[in-house]
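This report refers to the structure that appears directly beneath it.
The values are calculated or read from the model by the stated rules, or taken from the named source; none is laboratory data. Just so it is clear, the model here is predicted, and its values are computed rather than measured. So basically every Cβ, Gly included, is an ideal-geometry build from the backbone, and we count neighbours across all protein chains shown. Surface accessibility is based on the protein's heavy atoms, side chains included, excluding ligands, DNA and RNA. Shrake-Rupley method; radii C 1.70, N 1.55, O 1.52, S 1.80 Å.
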Amino acid sequence: MAIIKTTDNDKREFDSAISELYEYFTSLGARKGRGLTYNVLTYGCQLNESDSEKLSGMLAEMGLTPSEGGELDAADVIIFNTCSIRENADRHLFGNLGAFKALKKEHRDMIIGIGGCMMKVPENVARIKKSYPYVDLVFDPQQLHRFPVLLRDSIRSKKQLVNIASEDYIAEDSFFPIDRKRKFRALVPIMYGCNNFCTYCIVPYARGRERSRSFDEIVRELSELASKGYKEVMLLGQNVNSYKGEDGKTFADILRAASEFKEFSRVRFMSSHPKDLSDEVIDIIATRPNVEKHLHLAMQSGSDKVLKAMNRPYTIEKFLNTAESFRSKVEGGSLTTDIIVGFPGETEEDFLETLDAVNKAKFDAAFTFQYSARPGTKAAAFEDQIPQDIVTDRFGRLTELTNRYAEESNARLVGKTMEVLIEGISKAGDMTFSGRTVTNHLVNFTIPEELGIDIGPDHLEGRLCEVRIDRARPYSVDGVLVSLKGE
Ligand code: SAH
Ligand code: SF4
Ligand code: F3S
């Protein structure tokens, strides 16, 4: 499958489609006597969130404004940015889509588009073609740079337009207008796709082969973000640490370059694959103060037999050594993971090995998943699929254990005063704010009135403060603000 870089010609087509759509929506709005709105519904991971920021940016350039209502608000243009990682993600789309049939009958000019990873699964596209004729546009995540052209063509043709590319495109962020959701945090994808083909996973099919953005372009973008006042950057990729830039540039080079911008209070990244994690990256985490002291490293299973069947190229011993190396080099750092239970062929002994590995690694937090067979992946055809009651039982036992370690990790913070980057209000009613420590622990805190701090809308987002932690919960800690930095 070819990897294609966008060209100047692609950009010209992109700009011309946006201008044409701007004219179209402006005159439609004039006829309706109101401004037109859009709603981008985002499912799945941060890569989809990042794509949605680009979709929103494009729709804004077409003259549309975000709809004010809730998730399924009936806007003039509705885009579903889908995820296919587990079966319940698929169900979510089809469950919600039905609701738009009647609306579309009433509002004939309304446009419904579906993009995202589900559209790379042929069964889903066939189902839309057959049962959802009122969907106007179907496109895939590799062609975001063609979205305006496709949207324009579907409006022109007045027929359902399905366009799924067989090539993997790569476009630099500078290609797109980006409407960043958080004014302090910038999502910066540095690479796309995955070559690992873990046997359970749909991502390599949905997102195509690994391709990395240009190092110079990424640094240019970071510099722009720093000068615009962003306080946190999140470097993104399905396997960020297998980044391969020009002149042999690696992920360590990007992480170092990002941390050199003193404007960034936090440099974060997601997700790293155990096989590509270098000592150099661990050293950067340990030594650069604005690099998050947190590593998310998916273990998936504690059994070598299951890891092999999953096509994860490491043994549990090697994984635990990496975990140990992180723990010893990054003092007080937090280590989080993903674990799947009920993979085909997983025996009780295999599962006990997973519990054993959790007891050794003592993860500060874990995302635990029940195995979900994804059509088209190797594991979906494996024999020995595990009955649901056994999966449910193992899931319960695993989650109980991982929650215990998460709560212990939170409990270790109690009594300390920690630096927190404020993300916003967590409960508007009682004015509780939320933020994260440099170790990615979630902190909910109150601000004593006597400190006289201006808590006006958005005033505190992205600011650093000191919080005294006084209570641990399973997924967060509670505290009280002691001082605001930079006052
Ligand atoms: N690239 C990342 C993972 C991205 S997907 C990495 O390898 O670390 C996020 C997580 O979803 C995976 O780590 C895995 O635990 C889970 N997952 C992926 N496919 C799944 C499936 N078919 N069933 C259950 N969980 C799955
Ligand atoms: Fe999926 Fe494996 Fe790639 Fe992660 S590394 S996205 S789990 S195939
Ligand atoms: Fe889902 Fe695609 Fe992300 S399958 S998890 S949205 S890469």
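General remarks:
- When ALA206 is tested against (1) assigned to a strand (DSSP E or B); (2) within 16 Å of ligand 3 (Cβ to nearest atom), exactly one condition is not met: (1).
- Among residues of segment 381-416 being of a type in the set (Gly, Ala, Ser), touching a residue at least 40 places away in the same chain (Cβ under 8 Å) and part of a helix (DSSP H, G or I), the one that is nearest to PRO204 (Cα to Cα) is ALA406.
- Helices (runs of 4 or more DSSP H) enclosed by segment 82-174 - at least 3 residues per element that are open to solvent by less than 40 Å² (accessible area, probe 1.4 Å) and of a type outside the set (D, E, K, R): 87-97, 122-131, 147-157
- Filtered by the rule that a residue be under 20 Å from VAL138 (Cα atoms) and either assigned by TED's automatic domain parsing to the domain that holds GLY237 or assigned to a strand (DSSP E or B) (or both), segment 34-72 gives THR37, TYR38, ASN39, VAL40, LEU41, THR42.
- Criterion (within 16 Å of ligand 1 (Cβ to nearest atom), within 30 Å of TYR230 (Cα to Cα) and either assigned to a strand (DSSP E or B) or of a type outside the set (S, T, N, Q) (or both)) met by exactly one of PHE343, PHE367: PHE367
- Which numbered condition GLY208 misses (of (1) touching a residue at least 60 places away in the same chain (Cβ under 8 Å); (2) open to solvent by 10 Å² or more (accessible area, probe 1.4 Å)): (2)
- Every residue from segment 183-195 that is closer than 16 Å to LEU47 by Cβ and surrounded by fewer than 18 Cβ atoms within 10 Å (Cβ to Cβ): ASN195
- Residue list for segment 211-238, filter: within 16 Å of ligand 2 (Cβ to nearest atom) and either free of Cβ contacts under 8 Å to residues at least 24 places away in the same chain or among the charged types (D, E, K, R) (or both): ARG211
- Sole exception among (1) out of contact with any Ser or Thr (no Cβ under 7 Å at 6 or more places or on another chain); (2) within 14 Å of ligand 3 (Cβ to nearest atom) for SER212, by number: (2)
- Members of segment 289-337 found to be in a strand (DSSP E or B), of a type in the set (Val, Ile, Thr) and either more than 16 Å from ligand 2 (Cβ to nearest atom) or modelled with pLDDT under 95 (or both), listed by number: VAL291
- Summed over segment 1-33, residues that are of a type in the set (Val, Ile, Thr), touching a residue at least 40 places away in the same chain (Cβ under 8 Å) and in a loop (DSSP other than H, G, I, E, B) total 1.
- Complete set of residues in segment 3-47 that are surrounded by 19 or more Cβ atoms within 10 Å (Cβ to Cβ) and out of contact with any Asp or Glu (no Cβ under 8 Å at 6 or more places or on another chain): PHE14, ALA17, LEU21, VAL40, TYR43, GLY44, LEU47
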